1. Tell me, please, whether a residue that is over 23 Å from residue 148 (Cα atoms) and out of contact with any strand residue (DSSP E or B) (no Cβ under 7 Å at 6 or more places or on another chain) can be found in the range 70-83.
2. Return the residues of the range 334-343 that are more than 10 Å from the ligand (Cβ to nearest atom) and either more than 17 Å from the chain's Cα centre (by Cα) or part of a loop (DSSP other than H, G, I, E, B) (or both); say none if nothing qualifies.
3. Taking residue 346, is it within 9 Å of the ligand (Cβ to nearest atom), outside any strand (DSSP E or B), on the phi > 0 side of the Ramachandran plot and in contact with a strand residue (DSSP E or B) (Cβ under 6 Å, 6 or more places away or on another chain)?
4. Quick one: residue 32 ticks every box in (1) surrounded by 14 or more Cβ atoms within 10 Å (Cβ to Cβ); (2) touching a residue at least 12 places away in the same chain (Cβ under 8 Å); (3) more than 30 Å from residue 358 (Cβ to Cβ) bar one, so which box is it?
5. Suppose we filter 21, 62 for residues that are outside any helix (DSSP H, G or I) and either within 23 Å of the chain's Cα centre (by Cα) or over 22 Å from residue 132 (Cα atoms) (or both); which single one remains?
6. Would you confirm, using the coordinates I've provided, whether residue 172 is in a strand (DSSP E or B) and without any contact (Cβ under 8 Å) to a residue 24 or more places away in the chain?
7. Go over the candidates 143, 118 one by one and state the one that is in contact with a strand residue (DSSP E or B) (Cβ under 7 Å, 6 or more places away or on another chain) and surrounded by 18 or more Cβ atoms within 10 Å (Cβ to Cβ).
8. Please determine, by comparing only the residues of the range 301-330 that are within 16 Å of the ligand (Cβ to nearest atom) and assigned to a strand (DSSP E or B), which one is farthest from residue 347 (Cα to Cα).
Ligand code: FES
């Protein structure tokens, strides 16, 4: 059923002047009915790219501040970025490029972005991987590409996705990818696995431009929809033009304050999902009198208070308040990465309660500390 869609996509690409061709064979070890081929694509290693970019930024008179968390922005004729320790970095223009915007500025980004997680396993195999990068047209998506490493060729098998904090079993996603790899390739080893999440917008196009219609000097680039290596380049082009020339031919398409009727349905669905998660998280009772095994995390009831508990390999119990400091949704345990993840806007925290990524700006409270402390060890 995807064949006509692929044909249509090839037609649309050629009408736009994009070089694309229709294929009924691809060099993969399983049958493929139809494919669309884009030639001459670039494949690059994002960290090597950034490593080369960083000294160019510094050498051209700019600055990179490491370990400096920005927590607020003051905008007037120029801008000040306020850091965690209260210092200010002044700039005539500021671009918020912090993945999920850490500063909303009245743009209601938290109602217009959701966080979606996906997974990768890196395998080694007996055969050489065919040249090219591949992605399936259908769901569940599978993407394939190779990467040379010191230990030989790695094949990155990606796919599986769900809203952050909304999978009952995060390990199952790695298992599905491993099953797919083993069914289709002569796998020798699976040395790496990881997951990531990205910001998704209501109409699938990133938000790039002025943060709000009132912001003169404040810009945002977010909602890259898992195409960050491409969309970051697009954003850089648009924002450079907006700041240096005052306009960009692409600005209306990416304008963060655009309105589209088509996106309204998704807006309602996504925000209804947030509301349901908020309410169901509050109503779901915590577990009473449970055993927590090593490596396990659970939401338990201690003296009438809901707390998240995780037992590490040294049998130490780590206890956190599972209320998200962003706007108060209840966090879900992610067993594959031993983290507490928020089902509403995707903030993530270590089992010790430290912030991994926002939009929350702070870590979790610790109910086993302070004057009203609870004692979760009764469950050990
Ligand atoms: Fe918004 Fe948790 S990230 S409530």
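Quick note: the coordinates plus some simple rules give every number you see, no bench work behind them. Predicted, not measured: the structure shown is a model, and the values here were computed from it. Note: ideal-geometry Cβ built from the backbone for every residue, glycine included; neighbour counts use all protein chains shown.
1. Checked against the condition, which is being over 23 Å from residue 148 (Cα atoms) and out of contact with any strand residue (DSSP E or B) (no Cβ under 7 Å at 6 or more places or on another chain), the range 70-83 yields at least one hit.
2. 335, 336, 337, 338
3. Details: within 9 Å of the ligand (Cβ to nearest atom): yes; outside any strand (DSSP E or B): yes; on the phi > 0 side of the Ramachandran plot: yes; in contact with a strand residue (DSSP E or B) (Cβ under 6 Å, 6 or more places away or on another chain): yes.
Criteria met by residue 346.
4. (2)
5. Numbers: 21 fails: either within 23 Å of the chain's Cα centre (by Cα) or over 22 Å from residue 132 (Cα atoms) (or both).
Just one listed residue meets the conditions, 62.
6. Details: in a strand (DSSP E or B): no; without any contact (Cβ under 8 Å) to a residue 24 or more places away in the chain: yes.
The answer is no for residue 172.
7. Values: 143 fails: surrounded by 18 or more Cβ atoms within 10 Å (Cβ to Cβ).
Step by step, each of 143, 118 is checked, and only 118 is in contact with a strand residue (DSSP E or B) (Cβ under 7 Å, 6 or more places away or on another chain) and surrounded by 18 or more Cβ atoms within 10 Å (Cβ to Cβ).
8. The initial filter retains those residues of the range 301-330 that are within 16 Å of the ligand (Cβ to nearest atom), namely 306, 308, 320-330.
If we keep only those that are assigned to a strand (DSSP E or B) too, we end up with 306, 308, 320, 323, 330.
Numbers: 306: 19, 308: 16, 320: 15, 323: 11, 330: 11 Å.
Step by step, filter the range 301-330, then rank; the result is 306.
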